[in-house]
Structure formats: structure tokens, C-alpha cells
1. Kindly provide the set of residues from the stretch A:1-17 that are surrounded by fewer than 23 Cβ atoms within 10 Å (Cβ to Cβ) and near RNA strand B (Cβ under 9 Å from one of its atoms), ordered by number.
2. When the residues of the stretch A:303-330 are narrowed to those that are farther than 27 Å from A:Ile472 by Cβ, open to solvent by 20 Å² or more (accessible area, probe 1.4 Å) and touching a residue at least 60 places away in the same chain (Cβ under 8 Å), which ends up nearest to RNA strand B (Cβ to nearest atom)?
3. Which ones in the stretch A:331-353 are of a type outside the set (Gly, Ala, Ser) and open to solvent by less than 20 Å² (accessible area, probe 1.4 Å)?
4. In the stretch A:189-297, which strands (runs of 3 or more DSSP E) lie fully inside it and hold 1 or more residues that are without any contact (Cβ under 8 Å) to a residue 24 or more places away in the chain?
5. Please pick out the residue among A:Gly356, A:Gly367 that is surrounded by 17 or more Cβ atoms within 10 Å (Cβ to Cβ), in a helix (DSSP H, G or I) and among the small types (Gly, Ala, Ser).
6. Criterion first (under 14 Å from A:Arg91 (Cα atoms), buried (at least 21 other Cβ atoms within 10 Å of the Cβ) and within 16 Å of RNA strand B (Cβ to nearest atom)) does A:Thr23 satisfy it?
7. Go through (1) open to solvent by 10 Å² or more (accessible area, probe 1.4 Å); (2) within 11 Å of RNA strand B (Cβ to nearest atom); (3) of a type outside the set (Phe, Trp, Tyr); (4) more than 26 Å from A:Ser336 (Cβ to Cβ) and name the single condition A:Asp263 misses.
8. Please determine, by comparing only the residues of the stretch A:402-421 that are part of a helix (DSSP H, G or I) and among the polar types (S, T, N, Q), which one is surrounded by the most Cβ atoms within 10 Å (Cβ to Cβ).
Amino acid sequence: MSEAFYVTTPIYYVNAEPHIGHTYTTVVADMLARYHRLKGETCFMLTGTDEHGDKILEVAQERGTTPDAVATEYAQLFKKTWDQLGIDYDRFIRTTDPDHRLVVQSILQKVYDAGEIEFKEYEGLYCVGCERFLTDRDMVDGLCRDHERAPESRSESNYFFNMGAHFSWLAETIEAHPDFIRPEHYRNEVLAMLSEESGLGGELCISRPKERLDWGIELPFDNRYVCYVWFDALINYLTGVGYPDGSEFETFWPVSEHIIGKDILKPHGVFWPCMLHAIGAPLPRHLNVHGFWNLDNRKVSKSLGNLVSPQVMDERYGFEAFRYFLLREMVFGQDSSFSEPLLIARINADLANNLGNLVSRTLNMTGRFADGLVPRAGAPGEAELVIEETAARVTSEVDEHVLSLRPQRALESIMGLIDATNRYLELREPWKAAKDPERADQVPTTLYTCCESLRVTAVLLSAFLPQTSHEIFSRLGLGNALEGAFLPELTRWGGLEAGLPTRKGPPLFPRIEVTEDSK
RNA sequence: GGCGGCGUAGCUCAGUCGGUUAGAGCGGCGGCUUCAUAAGCCGUAGGUCGUUGGUUCAAGUCCAACCGUCGCUACCA
């Protein structure tokens, strides 16, 4: 059992509002951090914003303001969003943070001193529309495929990081650590990128002359240039935990987990390991790659205007429900579909009918047949032992699934405990037993078993649905049930004390009635 | 063009490095029940696992080709 855990989201580019993709990545990271905290590990979660680059400058010019103002506006938007939604990050890093600038510059200098950065003139075809040089793949019939115009020949001197020198090392390392990049097929994609035929050059341009772009971190060895984005963006993962000297760095870097979307696999799977190798830093423990959310079979896209805002989802359904959907519906690594009817179906089936209703019926009967106090259980019968065993089995399954990055399986497993408890109630039928002199004495045991099952459920759910979990504890008469206690002790059967005052409360997740298909 | 994903019951999808009668949830249908959010429980509904051809004692599960579909190809997770 490791004692520390470090999880990162990508830093989000500040040219768009938070949408379902950002939210998914962030929620997965948050869930992992919470789960590891539940195990008593020392955890650190990093998220933040990527703020340099020409696109931000463009936006600033369009708006007649400064890039710093644009970046700050969006950075605050992201931060505020995560705060409102209860994302429990430890640091929100901005690539414009002073300590980050220093770390980037020190790393640049270090790589430069090692002779791995080369200054040379590059001559190529430049598209004025794109404001960048085009590669063969950017052109169709000699025209820029985005702007459909002929690029002009231009030359420019820049600094290049010779990452190709690390390719064979990287390929060997990936082969030797097959689970470094997961799920597996993304590992294969990276290996393909490293192969000769991929067309991926071995050189990474890491600078821009200030006359073309001055919004960035100045190169420590040439003040006519700024660092170009990927190089400075990726380093945030090091800055976030105090590279190079902080004790946090030693604690967290070796156990780091990156969560990324598949679109940024190349920078994280190729550029980043090469950069780390160049400065003699170890690789992160895992690079975890997830797929995309499709909306009505279309890609998430600003231009289509079909962004799914986490704040709108929060207002409409409650963020916990949305969060549940994200974690329950997507197989990590694969693409998934999102639509409101799917979301509603999932909320009703799992959260309202099963979980919420079980809470209602259990606490209602506890109020009715046990004076609202958690009853004292008698000797367990066979049915009680089944629930106890199910709880233990689910606890270990959840652990296995979370660690292997299968949130959907973990939630499925938890739902299984809820189902089992609903079935158990049907078997014991305390609403009848309470009125039957021959069975009345089993009612306390029955209700205790249900309450205890709910407590264990809430513990297991706490990383996934923190607020819901907290509410269940509260209704069971528990205060901060997670304080000072950790897995696996937390789910040990019998942890719920008799005599605690329970409270029924309103439906946890009201069923959402759909009057008609809004389509 | 190159690379890659996907194509399994009406719907959304699982199928753990090939092996007993192919699974889950939702929906539908029938029944039970009434503590509960018209929730719950029981039963049921029979899909040539895209097509063709291979490898194998054995393939949804490996290989090839093809069809359909979606995506990536240096900055939208």
C-alpha cells in the first residue's frame, strides 16, 4: 500500500469555457484523489490553466485588451467553476504564476546547458491565416487546408529541443513498463508515433521570436524569444509539487498520475517523457488516457454551439447527478455519448429508484418502527450474513476497479450492494413483521442491517458522490463519518452504533418526470 | 493520404490477453407487494455477436480483406 498519491488534470487552455470534457477529466481526478484520501494516503491534486500562446494574444487583440486580462478572466472562470462544483483540488496552477516561470526557465537553461537545444534557421511555408508554418499535412494541393490559400515562403530562426535523441530510450521504457500508458491501445499509439514512419520529427520547436509572439515566458538564454507553449505547459506538473527541491516533489512525483484526453496524447506520451529524461527526472507513474464525449453522435465543439456546461447541468439536475453520469457511463479510455434523456434515465434508475428510494424506505421505517433511532441488531441470520458478505465483496471490488481506472465498474458494483439491500428488505418485509407478534423481534435486526448497509454504501460512494455521501451520513445520525477513519476499517461491518438519531429527509434524488420528449 | 476507434438483444453498452446453453442496465410484457420517490421484488422477453474468408480441437474474443461509421493527424478534455 503506497502512502502518497498525486493526480493531475491537464491545464486547460483559456480560450473556452469549461465544458463536459474538462469536467470529466477533472471529476475523474477528483474522484481518485478522494478515494486515495479515503485510504489514508497523503494526496495532492493539481489542476489549472494554460495561458500562453498566440491564440490568447489574438483574442486579446480582438477585444482590445491584454492577454493577461483574457487569461485571468478565464482562469478565474475555471477556478470558480471547480470551486462551486466542489472539486477538491490542492493547487490551481496558472502558467503565468511566478514560481512556474522560474521553474520553466531553470529547466530551459538546464536542457540548453546539456546541449539538447539547438538554434537554427527554419525555412518553410508560412500561412498568414494560421500565423504559423505549415507541414505537408496541413496542405492540400499546395494550399493551407484551413484557409485554402497559398502559404508564403518564409524563414525564421528558432530554438529546437532535440527530443528525437530520446526516442529509442522512450520506446524501450514503454515496452518495459507496459502499463505506463493506459489503457493499452494508447500505449500502442505512442509506440507508433515513435516509429520511423510516423512522420513525427525528432525536433520540437520550443520558441517564438517576440516580434511574432511576446506573450510567453522569456528564454533565459535569449531574451529575443519566448518559450512556446507545450514546453512551458507540461512543466506545470513539476511546478505544482515544488520541483526541484521541495519535499513535496520527492513525495509526490514518483506516484504521479496524469489524467488526459486522447487529443493530447502526443505531447504527454512523447514530448513530456523526452523532456523529463533530458533533465534526469523520472517519468510519472501512469499516463491515463480517456476518450471523448459525443453529443448526439457529434463531437464536442465550440463552433457547433453544443457545449455541455457543468454549471447548467448543476442548475438543471444537480452536479452530483451529472458527476454520477459521467463516471458511471464512460468506459475510461473509450468514447461515450451524452444526452439529457440518457442522463435522466440514469438518474431515475440508479439514483432515484434504487439508492434514493432505499434511503427513504429504510429511514422511514426506522422512524416508524424504531423511534427514529438506529436499532440494536440481534444475532444475524443467513440473510443478514449475505448482506454483510456482499458489502465486503463490494468494498474489495471497488478498490480493484478504482485502482485499475474503471470507475464505471466500481459504481456498478456499489449499485449491486444497493440492489441486494432492496432485495433483503423484500425478504424480511419489516412493514409486515412489525405487526406480526412472531416476527416483531427481528425488525430491529432488519432495520439495523439496512442502515449499516447504507453507511457502507455512503463510504464507498464518498469519492464519487461526496455530497450525497455526506447527506446519508447525516441522516444516519453520523457527523463527519470520514474524519480520522480510513478504508478498510471504514467499511468494516458493524461500524454503525445503535441509538443514533436518524432523520428521513426529503428524497435524495427526486425522480425526473419527462412529460414529453423534448425533441 | 497516413493512423486509430467503433459496428453484440428495441436503446446504452459489458464481455478481464479463444473454451461449458453470448451478459448487464434501461425499456416492453406478466405477476407479487405497499415500508418507500407510482419506487421495490419475482418471472419473461430468444441477438446469424457488420460481411466474407482464414488460423485452431475450439472465435464475439486471433489474422486478412471488405462494407458502414466516427475520430485523430502539434495545442478544443
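1. Initial filter on the stretch A:1-17 (surrounded by fewer than 23 Cβ atoms within 10 Å (Cβ to Cβ)): A:1-5, A:13, A:15-17.
Result: A:Tyr13, A:Asn15, A:Ala16.
2. My answer is A:Leu307.
3. Across the stretch A:331-353, the qualifying residues are A:Phe332, A:Phe338, A:Leu343, A:Ile347, A:Asn348, A:Asp350, A:Leu351.
4. Working: elements: A:203-205, A:207-209, A:222-227, A:256-261, A:286-290, A:293-295.
The qualifying strands (runs of 3 or more DSSP E) are A:222-227.
5. Values: A:Gly367 fails: surrounded by 17 or more Cβ atoms within 10 Å (Cβ to Cβ).
Testing whether each residue is surrounded by 17 or more Cβ atoms within 10 Å (Cβ to Cβ), in a helix (DSSP H, G or I) and among the small types (Gly, Ala, Ser) leaves just A:Gly356.
6. Values: under 14 Å from A:Arg91 (Cα atoms): no; buried (at least 21 other Cβ atoms within 10 Å of the Cβ): yes; within 16 Å of RNA strand B (Cβ to nearest atom): yes.
Here the answer is no, as A:Thr23 does not meet what is asked.
7. Here A:Asp263 clears every test but (4).
8. If we take residues in the stretch A:402-421 being part of a helix (DSSP H, G or I) and among the polar types (S, T, N, Q), then A:Thr421 is surrounded by the most Cβ atoms within 10 Å (Cβ to Cβ).
The values are calculated or read from the model by the stated rules, or taken from the named source; none is laboratory data. The shown structure was predicted, so the numbers you read here are calculated from the model rather than taken from an experiment. So basically every Cβ, Gly included, is an ideal-geometry build from the backbone, and we count neighbours across all protein chains shown. Areas reflect the complete protein model, heavy atoms only, side chains present, ligands, DNA and RNA absent. Shrake-Rupley method; radii C 1.70, N 1.55, O 1.52, S 1.80 Å.
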